[in-house]
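Shown next, in structure tokens, is the structure this report addresses.
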Amino acid sequence: MAIGATMHTFDIQLADVDRGVYEDLSLRVARHPSETDRFMITRLLAYCLEYEEGIQFSAGVSTTDEPAVLVRDLTGATTAWIEVGAPDADRLHFGSKLAERTAVYTHREPEKLLAAWSGKTIHNADAIVVRSFDLGFIDALVETLERRNTMTVSLTEGQLYVDNNGASATAEVREHRIA
């Protein structure tokens with residue numbers, strides 16, 4: 001018998017001062033058995049830091065024709081393609097052609113990721129933003145993870161402050177560009 005997804009709930013107070021986004025979010029996040037806690041936390045942060053009307057998690061890790069997070073307009077067209085982890089160049093190429101805006105959030109070493117894409121054909125590569133966090137930041141958040149979570153996420157001048165279940169972590173959100 002296959003193991004099902006583990007459900008996590010997050011009540012989040014989001015304050016993205018850099019973009020002027022202030023929201024209270026109540027999210028149910030399914031962690032697929034093949035997905036690590038690090039990936040799920042990075043996916044959750046990508047959702048928060050890209051939050052806008054029409055944002056949603058994709059149908060799941062097994063969905064190959066959608067990113068981890070996407071934004072659709074009222075017509076159903078994809079306006080933002082938001083990948084998490086280490087997507088391959090072909091996937092970025094596809095997403096960048098489909099959506100107006102493409103971003104990648106990684107919990108891995110961004111230099112290795114950028115090197116893997118070097119010399120590959122990626123549509124509109126210079127407009128794709130790759131965001132990373134200090135490697136220990138995601139691990140610190142994973143340590144606080146429970147099935148029910150109360151979280152505050154604040155972004156000010158590129159500094160990310162997260163409090164989850166009473167434990168705090170801080171990191172700089174670094175931006176990288178594909179060369």
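How large is ³J(HN,Hα), in whole Hz, for each residue of the range 10-23 in order, when computed from phi with the Karplus curve 6.51 cos²θ - 1.76 cosθ + 1.60 and θ = phi - 60°, using x for Gly and Pro?
Those phi angles translate into 9, 9, 10, 9, 9, 9, 9, 4, 4, 10, x, 10, 9, 8 Hz.
Through the Karplus equation 6.51 cos²θ - 1.76 cosθ + 1.60, θ set to phi - 60°, convert the phi angles of the range 41-54 into ³J(HN,Hα) values in whole Hz; use x for Gly and Pro.
5, 5, 4, 5, 5, 4, 4, 5, 6, 10, 3, 6, 4, x
Report the gain in length on full extension from D65 to T170: 0.36 nm times residue separation, minus Cα-Cα distance, nm rounded to one decimal. Kindly include the intermediate steps, with their values, before the conclusion.
Values: separation 105, 0.36 × 105 = 37.80 nm, distance 3.31 nm.
Computed gain between D65 and T170 is 34.5 nm.
Solvent-accessible area of T150, probe 1.4 Å, all protein chains present, reported in Å² to the nearest ten, please.
90
Could you give the alpha-carbon Rg of the range 97-179 over 2.2 N^0.38 Å, rounded to two decimals?
Details: Rg = 15.2 Å, N = 83, 2.2 N^0.38 = 11.8 Å.
The range 97-179 yields a ratio of 1.29.
For H107, enumerate residues with amide H under 5 Å from its amide H, sequence gap 5+ or separate chain, H modeled in the peptide plane.
Correct list: G85.
So which residue, out of G119, G158, G54, gets the largest mean-square fluctuation from a GNM of the chain using Cα contacts under 10 Å as springs?
G119
Could you work out the helix-only [θ] at 222 nm for the chain, with each DSSP H run of four or more residues adding -39,500 (n - 2.57) and the total divided by the number of residues, to the nearest 500 deg cm²/dmol? Can you show the working numbers first?
Working: 4 runs with 41 residues, N = 179.
Taken over the chain, the calculation gives -7000 deg cm²/dmol.
Over the chain, with the other protein chains present, what is the accessible area per residue in square angstrom, probe 1.4 angstrom? Please report the intermediate quantities before stating the final value.
Working: 9220 Å² over 179 residues.
Value for the chain: 51 Å² per residue.
Where nothing but the Cβ of Lys and Arg (+1) and of Asp and Glu (-1) is charged, how large is the charge dipole of the chain around its Cα centre, in debye to the nearest 20? Walk me through the intermediate numbers first.
Working: 17 positive and 28 negative charges, 98 e Å.
Roughly 480 debye, rounded to the nearest 20.
Output the relative contact order of the chain, whole-number percent, from Cα pairs under 8 angstrom with separation of 6+ residues.
Details: 359 pairs, mean separation 38.7, N = 179.
Worked out over the chain, it gives 22 percent.
For the chain, what does the equivalent ellipsoid look like in terms of its semi-axes, each the square root of 5 times an eigenvalue of the Cα gyration tensor, given largest first in whole Å? List each step's numbers first, then the result.
Values: eigenvalues 116, 70, 59 Å².
So the equivalent ellipsoid measures 24, 19, 17 Å along its semi-axes.
At 0.36 nm per residue, and after removing the present C-alpha to C-alpha distance, how many nm does the segment from T150 to D24 gain when stretched out fully?
44.3 nm
What full-extension length gain, to one decimal in nm, is calculated for H123 and M7 as 0.36 nm per residue of separation minus the Cα-Cα distance?
Working: separation 116, 0.36 × 116 = 41.76 nm, distance 3.51 nm.
Using 0.36 nm per residue and subtracting the Cα-Cα distance, I get 38.3 nm.
If one computes P(r) from the Cα atoms of the range 1-97, what percent of pairs lie at distances over 24 Å?
On the way: 1105 of 4656 pairs.
I get 24 percent for the Cα pairs in the range 1-97 exceeding 24 Å.
Residue by residue through the range 99-109, which ³J(HN,Hα) values in whole Hz follow from phi under the Karplus form 6.51 cos²θ - 1.76 cosθ + 1.60 (θ = phi - 60°), with glycine and proline marked x?
So the Karplus estimates, Gly and Pro as x, are 10, 5, 9, 10, 9, 10, 10, 10, 9, 10, 6 Hz.
What's the Kirkwood radius of the range 1-55 in Å, using all Cα pairs? Write down the numbers at each step before the final one.
Details: mean 1/r = 0.0803 Å⁻¹.
It is 12.5 Å.
The values are calculated or read from the model by the stated rules, or taken from the named source; none is laboratory data. Computed from a predicted model, the values in this text were never measured in an experiment. In this analysis, Cβ positions are derived from the backbone assuming ideal geometry, glycine residues included, and neighbour counts consider all displayed protein chains. The area values use the complete protein model at the heavy-atom level, side chains included, leaving out ligands, DNA and RNA. Shrake-Rupley method; radii C 1.70, N 1.55, O 1.52, S 1.80 Å.
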